[in-house]
1. Is it fair to say residue A:99 is at pLDDT below 95 and surrounded by 14 or more Cβ atoms within 10 Å (Cβ to Cβ)?
2. So residue A:37 ticks every box in (1) crowded, with 17+ Cβ neighbours inside 10 Å; (2) touching a helix residue (DSSP H, G or I) at 6+ places or on another chain (Cβ under 9 Å) but one. Which box is left unticked?
3. Can you find even one residue in the range B:49-61 that is within 11 Å of chain A (Cβ to nearest Cβ), surrounded by 21 or more Cβ atoms within 10 Å (Cβ to Cβ) and within 13 Å of residue B:97 (Cα to Cα)?
4. Checking the condition polar (S, T, N, Q) and touching a Gly at 6+ places or on another chain (Cβ under 8 Å), which residue from A:54, A:96, A:78 passes?
5. So, residue B:12, is that one away from chain A (no Cβ under 14 Å) and open to solvent by less than 30 Å² (accessible area, probe 1.4 Å) or not?
6. I want to confirm something. Restricting to the range A:53-85 and keeping residues that are within 14 Å of chain B (Cβ to nearest Cβ) and at positive phi, which single residue is surrounded by the fewest Cβ atoms within 10 Å (Cβ to Cβ)?
7. Are any residues in the range A:22-43 assigned to a loop (DSSP other than H, G, I, E, B), within 8 Å of another protein chain (Cβ to nearest Cβ) and within 23 Å of residue B:39 (Cβ to Cβ), and if so, which ones?
8. Name the residue that is nearest to residue B:115 (Cα to Cα), counting only residues in the range B:16-32 that are in contact with a strand residue (DSSP E or B) (Cβ under 6 Å, 6 or more places away or on another chain) and of a type outside the set (A, V, I, L, M).
Amino acid sequence: QSALTQPASVSGSPGQSITISCTGTSSDVGSYNLVSWYQQNPGKAPKLMIYEVSKRPSGVSNRFSGSKSGNTASLTISGLQAEDEADYYCCSYAGSSTSHVVFGGGTKLTVL
Amino acid sequence: EVQLVESGGGLVQPGGSLRLSCAGSIFTFSAYWMHWVRQAPGKGLVWVSRINSDGSSTNYADSVKGRFTVSRDNAKNTLYLQMNSLRDEDTAVYYCAREVAAAEMDVWGQGTTVTVSS
(Lines give C-alpha, C1' and ligand atoms only; values in the text may rest on other atoms or scores of the structure.)
Protein backbone atom coordinates (compact mmCIF):
# COMPACT_ATOMS: atom_id res chain seq x y z
CA GLN A 1 0.00 0.00 0.00
CA SER A 2 1.54 3.31 -1.08
CA ALA A 3 1.58 6.31 1.19
CA LEU A 4 -0.95 9.06 0.61
CA THR A 5 0.47 11.95 -1.43
CA GLN A 6 1.01 15.31 0.24
CA PRO A 7 3.03 18.33 -0.90
CA ALA A 8 6.42 18.37 0.76
CA SER A 9 6.03 21.96 1.86
CA VAL A 10 3.61 24.87 1.97
CA SER A 11 4.03 28.37 3.30
CA GLY A 12 1.96 31.39 4.16
CA SER A 13 2.10 34.69 5.96
CA PRO A 14 0.44 35.36 9.30
CA GLY A 15 -3.28 35.91 8.87
CA GLN A 16 -3.45 34.13 5.54
CA SER A 17 -5.11 30.78 4.82
CA ILE A 18 -3.36 27.72 3.47
CA THR A 19 -4.60 24.34 2.28
CA ILE A 20 -2.72 21.04 2.39
CA SER A 21 -3.91 18.32 0.05
CA CYS A 22 -3.78 14.59 0.65
CA THR A 23 -4.36 12.36 -2.36
CA GLY A 24 -5.11 8.70 -2.03
CA THR A 25 -7.04 6.15 -4.04
CA SER A 26 -10.51 4.68 -4.27
CA SER A 27 -9.30 2.02 -1.80
CA ASP A 28 -8.58 4.42 1.02
CA VAL A 29 -9.49 8.13 1.04
CA GLY A 30 -12.14 7.65 -1.62
CA SER A 31 -13.88 4.78 0.16
CA TYR A 32 -14.04 5.88 3.77
CA ASN A 33 -14.86 9.03 5.70
CA LEU A 34 -12.03 8.08 8.05
CA VAL A 35 -9.41 10.66 7.20
CA SER A 36 -7.51 12.26 10.04
CA TRP A 37 -4.86 14.98 10.24
CA TYR A 38 -1.99 15.27 12.70
CA GLN A 39 0.27 18.15 13.66
CA GLN A 40 3.80 17.32 14.74
CA ASN A 41 6.33 19.72 16.18
CA PRO A 42 10.03 18.82 16.17
CA GLY A 43 10.86 16.14 18.71
CA LYS A 44 7.25 15.80 19.80
CA ALA A 45 4.51 13.24 19.36
CA PRO A 46 1.83 13.83 16.74
CA LYS A 47 -1.35 15.61 17.81
CA LEU A 48 -4.78 14.84 16.34
CA MET A 49 -6.20 17.95 14.67
CA ILE A 50 -9.03 16.58 12.49
CA TYR A 51 -10.82 13.23 12.44
CA GLU A 52 -13.57 11.70 10.31
CA VAL A 53 -12.63 14.12 7.51
CA SER A 54 -13.90 17.31 9.14
CA LYS A 55 -14.43 16.91 12.87
CA ARG A 56 -12.28 18.77 15.41
CA PRO A 57 -11.33 17.26 18.76
CA SER A 58 -12.05 19.32 21.82
CA GLY A 59 -9.41 21.99 22.28
CA VAL A 60 -8.38 22.28 18.63
CA SER A 61 -8.82 25.78 17.21
CA ASN A 62 -11.67 26.33 14.76
CA ARG A 63 -9.07 27.82 12.43
CA PHE A 64 -8.41 24.22 11.41
CA SER A 65 -10.89 22.57 9.07
CA GLY A 66 -10.99 19.47 6.90
CA SER A 67 -12.80 18.36 3.79
CA LYS A 68 -12.78 15.64 1.16
CA SER A 69 -13.64 15.33 -2.50
CA GLY A 70 -13.25 12.00 -4.22
CA ASN A 71 -9.82 10.56 -3.49
CA THR A 72 -8.41 13.81 -2.13
CA ALA A 73 -8.72 15.18 1.39
CA SER A 74 -7.69 18.67 2.43
CA LEU A 75 -6.69 20.48 5.60
CA THR A 76 -7.24 24.23 5.67
CA ILE A 77 -5.72 26.51 8.27
CA SER A 78 -7.16 30.00 8.33
CA GLY A 79 -5.72 33.04 10.09
CA LEU A 80 -2.22 31.54 10.10
CA GLN A 81 -0.24 32.04 13.27
CA ALA A 82 3.42 31.50 13.96
CA GLU A 83 2.56 28.62 16.29
CA ASP A 84 1.01 26.72 13.36
CA GLU A 85 4.45 26.11 11.88
CA ALA A 86 4.90 22.34 12.07
CA ASP A 87 4.72 19.14 10.06
CA TYR A 88 1.26 17.91 9.12
CA TYR A 89 0.30 14.35 8.23
CA CYS A 90 -2.89 12.95 6.82
CA CYS A 91 -4.00 9.40 7.52
CA SER A 92 -6.74 7.20 6.14
CA TYR A 93 -8.30 3.87 6.89
CA ALA A 94 -7.59 1.53 3.98
CA GLY A 95 -9.88 -1.40 4.64
CA SER A 96 -9.41 -4.74 6.30
CA SER A 97 -8.20 -6.54 3.18
CA THR A 98 -5.19 -4.31 2.66
CA SER A 99 -2.78 -2.46 4.91
CA HIS A 100 -5.59 -1.09 7.07
CA VAL A 101 -3.95 2.27 7.84
CA VAL A 102 -1.95 4.54 5.55
CA PHE A 103 -0.26 7.86 6.29
CA GLY A 104 0.73 10.65 3.97
CA GLY A 105 4.36 11.57 3.56
CA GLY A 106 3.94 14.77 5.54
CA THR A 107 3.91 18.49 4.73
CA LYS A 108 6.17 21.07 6.33
CA LEU A 109 4.23 24.28 6.97
CA THR A 110 6.32 27.42 7.17
CA VAL A 111 4.80 30.62 8.48
CA LEU A 112 6.73 33.43 6.81
CA GLU B 1 -4.71 13.33 32.22
CA VAL B 2 -5.03 10.46 29.76
CA GLN B 3 -1.53 9.19 29.11
CA LEU B 4 0.47 6.61 27.19
CA VAL B 5 4.09 5.93 28.13
CA GLU B 6 6.36 3.80 25.94
CA SER B 7 9.49 2.02 27.10
CA GLY B 8 11.88 -0.68 25.97
CA GLY B 9 13.72 1.04 23.14
CA GLY B 10 17.46 0.83 22.73
CA LEU B 11 20.37 -0.24 20.57
CA VAL B 12 20.22 -3.71 19.05
CA GLN B 13 22.26 -5.51 16.42
CA PRO B 14 20.76 -6.55 13.09
CA GLY B 15 18.94 -9.84 13.52
CA GLY B 16 18.29 -9.15 17.17
CA SER B 17 15.08 -8.77 19.14
CA LEU B 18 13.49 -6.14 21.33
CA ARG B 19 10.16 -5.80 23.14
CA LEU B 20 8.49 -2.44 23.46
CA SER B 21 5.87 -1.66 26.08
CA CYS B 22 3.22 1.04 26.25
CA ALA B 23 1.45 1.71 29.55
CA GLY B 24 -1.89 3.45 29.52
CA SER B 25 -3.37 5.43 32.38
CA ILE B 26 -6.43 7.47 33.34
CA PHE B 27 -8.66 5.75 30.80
CA THR B 28 -10.31 2.37 30.35
CA PHE B 29 -7.45 0.76 28.44
CA SER B 30 -9.38 -2.44 27.73
CA ALA B 31 -12.06 -0.56 25.78
CA TYR B 32 -9.77 0.74 23.03
CA TRP B 33 -8.04 -0.59 19.95
CA MET B 34 -4.38 0.39 19.99
CA HIS B 35 -1.73 1.12 17.33
CA TRP B 36 2.01 1.23 16.88
CA VAL B 37 3.35 3.89 14.50
CA ARG B 38 7.01 4.53 13.74
CA GLN B 39 9.08 7.39 12.39
CA ALA B 40 12.55 6.89 10.99
CA PRO B 41 15.02 9.74 11.54
CA GLY B 42 14.01 12.72 9.43
CA LYS B 43 11.17 10.79 7.80
CA GLY B 44 7.38 10.63 8.04
CA LEU B 45 4.98 8.60 10.11
CA VAL B 46 4.47 4.98 9.11
CA TRP B 47 1.81 2.70 10.51
CA VAL B 48 3.15 -0.55 11.97
CA SER B 49 0.40 -2.52 13.67
CA ARG B 50 -2.89 -2.45 15.50
CA ILE B 51 -4.73 -4.68 17.94
CA ASN B 52 -8.36 -4.80 18.92
CA SER B 53 -9.61 -4.16 22.43
CA ASP B 54 -9.45 -7.74 23.72
CA GLY B 55 -6.35 -8.77 21.79
CA SER B 56 -8.10 -11.31 19.58
CA SER B 57 -7.45 -9.50 16.29
CA THR B 58 -4.19 -8.02 15.02
CA ASN B 59 -3.02 -6.36 11.80
CA TYR B 60 0.44 -5.51 10.48
CA ALA B 61 2.14 -3.48 7.80
CA ASP B 62 3.69 -5.67 5.12
CA SER B 63 7.16 -4.46 6.10
CA VAL B 64 6.94 -6.05 9.56
CA LYS B 65 4.59 -8.96 8.99
CA GLY B 66 6.09 -12.19 10.27
CA ARG B 67 8.74 -10.37 12.30
CA PHE B 68 6.73 -8.20 14.73
CA THR B 69 3.97 -9.31 17.09
CA VAL B 70 1.57 -6.97 18.85
CA SER B 71 -0.13 -8.05 22.06
CA ARG B 72 -1.72 -6.55 25.14
CA ASP B 73 -2.36 -7.30 28.80
CA ASN B 74 -5.51 -5.45 29.78
CA ALA B 75 -5.07 -6.40 33.43
CA LYS B 76 -1.82 -4.41 33.36
CA ASN B 77 -3.11 -1.68 31.01
CA THR B 78 -0.14 -2.40 28.78
CA LEU B 79 0.44 -2.81 25.04
CA TYR B 80 3.46 -4.65 23.66
CA LEU B 81 5.37 -4.91 20.42
CA GLN B 82 7.72 -7.88 20.12
CA MET B 83 10.22 -7.15 17.37
CA ASN B 84 12.33 -10.00 15.99
CA SER B 85 14.79 -10.28 13.11
CA LEU B 86 15.42 -6.56 13.31
CA ARG B 87 16.88 -4.77 10.31
CA ASP B 88 18.68 -1.46 9.87
CA GLU B 89 15.51 -0.02 8.33
CA ASP B 90 13.58 -0.68 11.55
CA THR B 91 15.53 2.13 13.19
CA ALA B 92 12.92 4.68 14.26
CA VAL B 93 11.02 6.30 17.06
CA TYR B 94 8.12 4.02 17.91
CA TYR B 95 4.88 5.56 19.13
CA CYS B 96 1.88 3.82 20.60
CA ALA B 97 -1.49 5.47 20.06
CA ARG B 98 -5.09 5.02 21.12
CA GLU B 99 -7.68 4.59 18.40
CA VAL B 100 -10.81 6.74 18.63
CA ALA B 101 -12.25 5.49 15.32
CA ALA B 102 -10.84 3.20 12.64
CA ALA B 103 -7.31 4.41 11.87
CA GLU B 104 -7.84 7.63 13.85
CA MET B 105 -5.63 8.10 16.88
CA ASP B 106 -6.45 10.62 19.58
CA VAL B 107 -3.83 9.94 22.26
CA TRP B 108 -0.16 9.30 21.55
CA GLY B 109 2.77 8.36 23.73
CA GLN B 110 6.01 10.30 23.73
CA GLY B 111 7.81 7.63 21.71
CA THR B 112 10.70 5.25 22.35
CA THR B 113 13.77 5.08 20.13
CA VAL B 114 14.94 1.86 18.53
CA THR B 115 18.33 1.82 16.83
CA VAL B 116 19.37 -1.22 14.83
CA SER B 117 23.08 -1.12 14.13
CA SER B 118 26.17 -3.26 14.35
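1. For residue A:99, the condition - at pLDDT below 95 and surrounded by 14 or more Cβ atoms within 10 Å (Cβ to Cβ) - is met.
2. Failing condition for residue A:37: (2).
3. yes
4. Details: A:96 fails: touching a Gly at 6+ places or on another chain (Cβ under 8 Å); A:78 fails: touching a Gly at 6+ places or on another chain (Cβ under 8 Å).
From the options A:54, A:96, A:78, the qualifying one is A:54.
5. Numbers: away from chain A (no Cβ under 14 Å): yes; open to solvent by less than 30 Å² (accessible area, probe 1.4 Å): yes.
Yes; evaluated as a whole, the condition is true for this residue.
6. It comes out as A:59.
7. Our first condition is that a residue be assigned to a loop (DSSP other than H, G, I, E, B); within the range A:22-43, this holds for A:24-34, A:41-43.
Checking which are within 8 Å of another protein chain (Cβ to nearest Cβ) leaves us with A:32, A:34.
Once the filter is applied, which keeps residues that are assigned to a loop (DSSP other than H, G, I, E, B), within 8 Å of another protein chain (Cβ to nearest Cβ) and within 23 Å of residue B:39 (Cβ to Cβ), the range A:22-43 yields only A:34.
8. B:19
The values are calculated or read from the model by the stated rules, or taken from the named source; none is laboratory data. Because the structure is predicted, anything quoted here is derived from the model rather than measured. Please note: Cβ atoms are built from the backbone with ideal geometry, for glycine as well, and neighbour counts cover all protein chains shown. All accessible areas refer to the heavy atoms of the entire protein, side chains included, with ligands and DNA or RNA removed. Shrake-Rupley method; radii C 1.70, N 1.55, O 1.52, S 1.80 Å.
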